[in-house]
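Readers should treat all values here as calculations from the given coordinates under stated rules, not as data from a laboratory. All figures in this text were calculated on a predicted structure; none of them were measured in a lab. Because the Cβ atoms are built from the backbone with ideal geometry, glycine has one as well, and the counts that use them run over all protein chains shown.
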Amino acid sequence: ATGRAADRLAAARCTARLAPWVEADTATRGLILWYGTAPAFDTPEADELRARAGRACLAAFDPRAGIVPWGAAFGGPRLLARADAVPGLVPLLSGAGGDGAAAGAAHLERHLGLFLGQAETGGDRRPRPAWQFDAAGGWQPRTDPAPGWSRGEAWMLLAVADTLLDPAVPGARAERLARDAGRLLDRTGALTGPLVPAADTCVPRGAPDTSAAAITAVALLKLAHTAAPWSKECAARAETVLDRLTGEHLTGPGAGRPAGMLLDGCYDAAKGLAVRHELIWGDFFLALGLAVRDGLVDVTRV
């Protein structure tokens, strides 16, 4: 943004620190290594890191489950499908060459099928964000994270938006994804619910999660570039969410803390863990949304 060589060098060094994550056994490499490199705007080092990550994720693809598994990097069962395992991973796989695009498509479609597959009425209306695969019994829902996890809903909306902006996606599949995006917008209330959702939407008076709002704003900015009937509504809503976050949840000068901290993020409401905090992904997606709004970033490329 500044054009200064020193700033560019500092950013390149920071991006290079992501390299150890290339071989980590986690599908969150999509978040780490797509969003961590895509804003580097075609620098050779970032391109090479992203390509290595794409190949590593493609090698981890499990054809039985139809996904790149959640992985064992953070402990617990490896063969999980979680909403936060999808954003960034589809474009990362698509850039890997070979079967990468097909693996990315399968990964997204499997997650969407699980996420949106249950009945859309009554208490089952909220998507279920986590499933576990068993070779004998197939996919079984998990209770943690539970339906109503607003950040999981934001992650999935972002993943669909990422894919809809890929010009290589065939027309028929793009139409299907647009329908899925509409279902997500409807079932999660992304256009009609609170601008800053509760971390657990089943507890509407519980802790808010500004990071979910920031992720949603970026997803909506992406969806605004589609030809869907709700695209203009997405653009207007994204602007309103960004205004709310910067106007009511951001530290300013003289607050005793650095200016520009996005407060009121909730990491894990169910466990009472970091329920009123600044969260790094909240800062990142708020910064990205503002950069898009100010014309510094082409949201169709990042």
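Which of the three applies to region 196-248, rounded, prolate or oblate, going by the alpha-carbon gyration tensor with a ≥ b ≥ c and a/c under 1.5 meaning rounded? It would help to have the intermediate numbers written out before the result.
Working: a/c = 2.80, a/b = 1.82, b/c = 1.54.
Judged from the Cα gyration tensor, region 196-248 comes out prolate (a/c at least 1.5, a/b above b/c).
Can you list, bin by bin at 5 Å, the percent of alpha carbon pairs in region 235-280, starting at 0?
5, 21, 21, 21, 17, 12, 3
Could you give me the radius of gyration and the Dmax of region 1-159, taking only the C-alpha atoms into account and expressing both in angstrom?
16.8, 57
What per residue convex hull volume, in Å³, comes out for region 146-185 when only alpha-carbon positions are used? Don't skip to the answer; put the middle values down first.
Working: hull volume 2.4 nm³, N = 40.
Cα-based convex hull of region 146-185, divided per residue, equals 60 Å³.
What share of all Cα pairs of region 166-227, in percent, falls into each consecutive 10 Å distance bin?
It works out to 20, 46, 24, 10, 1, in whole percents.
Given charges of +1 on the Cβ of Lys and Arg and -1 on the Cβ of Asp and Glu, with all other atoms neutral, how large is the dipole of region 13-159 about its Cα centre, in debye to the nearest 20?
On the way: 15 positive and 15 negative charges, 50 e Å.
For this selection, approximately 240 debye.
Counting helices only, and only those DSSP H runs with n ≥ 4, report the 222 nm mean residue ellipticity of the chain as the sum of -39,500 (n - 2.57) divided by its residues, in deg cm²/dmol to the nearest 500.
Numbers: 10 runs with 135 residues, N = 302.
Computed mean residue ellipticity for the chain: -14500 deg cm²/dmol.
Tell me, what does the Kirkwood hydrodynamic radius of region 108-195 come to in angstroms if you use every pair of distinct C-alpha atoms? Don't skip to the end; give the middle numbers.
On the way: mean 1/r = 0.0723 Å⁻¹.
Over region 108-195, the inverse of the mean reciprocal pair distance is 13.8 Å.
Which value results when the Cα radius of gyration for the chain is divided by 2.2 N^0.38 Å?
Working: Rg = 18.4 Å, N = 302, 2.2 N^0.38 = 19.3 Å.
Normalised Rg, Cα atoms only: 0.96.
Only four residue types carry charge here, +1 at the Cβ of Lys and Arg and -1 at the Cβ of Asp and Glu. Report the dipole size of the chain about the Cα centre in Debye, rounded to the nearest 20. Don't skip to the end; give the middle numbers.
Details: 32 positive and 33 negative charges, 38 e Å.
Once rounded to the nearest 20, the dipole reads 180 debye.
Expressed as a fraction of 2.2 N^0.38 Å, the rule-of-thumb size for a compact globular protein of N residues, what is the C-alpha radius of gyration of region 199-284?
Values: Rg = 14.3 Å, N = 86, 2.2 N^0.38 = 12.0 Å.
Expressed relative to 2.2 N^0.38 Å, the Cα Rg reads 1.19.
Assign unit charges at the C-beta atoms only (+1 for Lys and Arg, -1 for Asp and Glu), then state the dipole size of region 180-281 relative to its Cα centre in Debye, rounded to the nearest 20. Can you show the working numbers first?
On the way: 10 positive and 11 negative charges, 9 e Å.
Dipole about the Cα centre, nearest 20: 40 debye.
Could you work out the Rg to Rh ratio of region 126-170, with Rh taken as the Kirkwood radius (inverse of the mean 1/r over all Cα pairs)?
Reported Rg/Rh, Kirkwood definition of Rh: 1.12.
Across region 68-140, how large is the tail of the calculated P(r) beyond 15 Å, expressed as a percent of all Cα pairs? Could you put the intermediate results ahead of the total?
Details: 1553 of 2628 pairs.
Considering region 68-140, 59 percent of its Cα-Cα pairs are separated by more than 15 Å.
Over every pair of different alpha-carbon atoms in region 153-302, take the mean of 1/r and invert it; report that Kirkwood radius in Å.
For region 153-302, the Kirkwood estimate is 15.7 Å.
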